[in-house]
1. Provide the FRET efficiency to the nearest 0.05 for the VAL50-HIS114 pair, computing r from the beta carbons and using R0 = 25 Å.
2. For the range 11-70, what are Rg and Dmax over the alpha carbons, in angstrom?
3. Summing Lys, Arg as +1 and Asp, Glu as -1, what charge do residues with Cβ under 11 Å from the Cβ of GLU22 carry, GLU22 excluded?
4. Charges only on Cβ, +1 for Lys and Arg, -1 for Asp and Glu: so what's the dipole of the range 50-98 about the Cα centre, in debye to the nearest 20?
5. Once fully extended, how much extra length lies between LYS86 and ASN18, figured as 0.36 nm per residue of separation less the alpha-carbon to alpha-carbon distance?
6. Grab the Cα-Cα distance for GLU124 and GLU72, subtract it from 0.36 nm times how many residues apart they are, and report the gain in nm with one decimal.
7. Once the Cα atoms of helix 62-88 and of the chain are each reduced to a long axis, what angle between those two axes, in degrees from 0 to 90 to the nearest 10, is obtained?
8. Looking at the chain from every direction and averaging, what is the projected area of its Cα convex hull in nm²?
Amino acid sequence: MSSQRELREENERLAEVNLSAEEELRKMRENVAELQMFASSLTTRLYELVQEHLDLQKPYSPNVLLAKLKVEYTKLDERSEELAAKLMDRDDPIEAADCEEFVRHYKDMRAKYHSSETRCTLAEAAYKNGTLAGVPMSMDR
C-alpha cells in the first residue's frame with residue numbers, strides 16, 4: 001500500500017510542477033508565435049527586396065547592354081548610309097566645301113560605327129565564352 005501512496009504522491013508532485021510551469025510555457029508559446037510572425041514578415045520583405053534587386057539589374061544585364069550596343073551601331077550605319085544617299089541623290093553639282101563636309105561627317109560616323117560594332121562583337125564573344133570580367137555566368141543564360 002505504501003508504494004501506491006508513494007506513486008500517488010509522486011504523481012501529485014509532478015502534476016503540481018507541470019501546473020506551475022503552465023503559465024511560463026503559455027508565455028513562451030506566445031513569444032514563439034510572435035517571433036515566427038516576425039520571421040515570416042522578414043522573409044516576405046527579403047523576397048520583395050530580392051525581386052526589386054533583380055528588377056533593377058535587368059536593364060544592366062549583359063544581353064540588354066549588348067542589344068543596346070547593337071541598336072547603337074545599327075543606327076550609326078543607317079545614318080551614315082542616309083548621308084551618303086543624300087549626297088548621291090543631289091541634282092545640283094557638289095561643291096568642294098560640301099564634299100569635304102560630307103567626307104568629314106561620313107568618316108566620323110563610319111569610325112564610330114566600326115568602333116561600336118567591334119566593341120559589341122568582342123563583348124559578345126567574351127560573354128559567350130565566359131571571359132567577360134565582372135559578369136556572373138548565370139546572368140541572362
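Just so you know, all these numbers are worked out from the coordinates, no wet-lab data involved. Model, not experiment: these values are computed from the prediction. Here the Cβ positions follow ideal geometry from the backbone for every residue, glycine too, while neighbour counts run over all protein chains shown.
1. Working: r = 41 Å, r/R0 = 1.63.
After rounding to 0.05, the efficiency reads 0.05.
2. 25.5, 84
3. Details: positive: ARG26, LYS27, ARG29; negative: GLU16, GLU23, GLU24.
Result for the neighbourhood of GLU22: 0.
4. On the way: 7 positive and 12 negative charges, 89 e Å.
Here the range 50-98 has a charge dipole of around 420 debye.
5. Values: separation 68, 0.36 × 68 = 24.48 nm, distance 9.64 nm.
Going from the current span to full extension adds 14.8 nm.
6. On the way: separation 52, 0.36 × 52 = 18.72 nm, distance 1.47 nm.
Going from the current span to full extension adds 17.3 nm.
7. Rounded to the nearest ten degrees, it is 20.
8. On the way: hull surface 70.5 nm².
If I average the Cα hull's projected area over directions, I get 17.6 nm².
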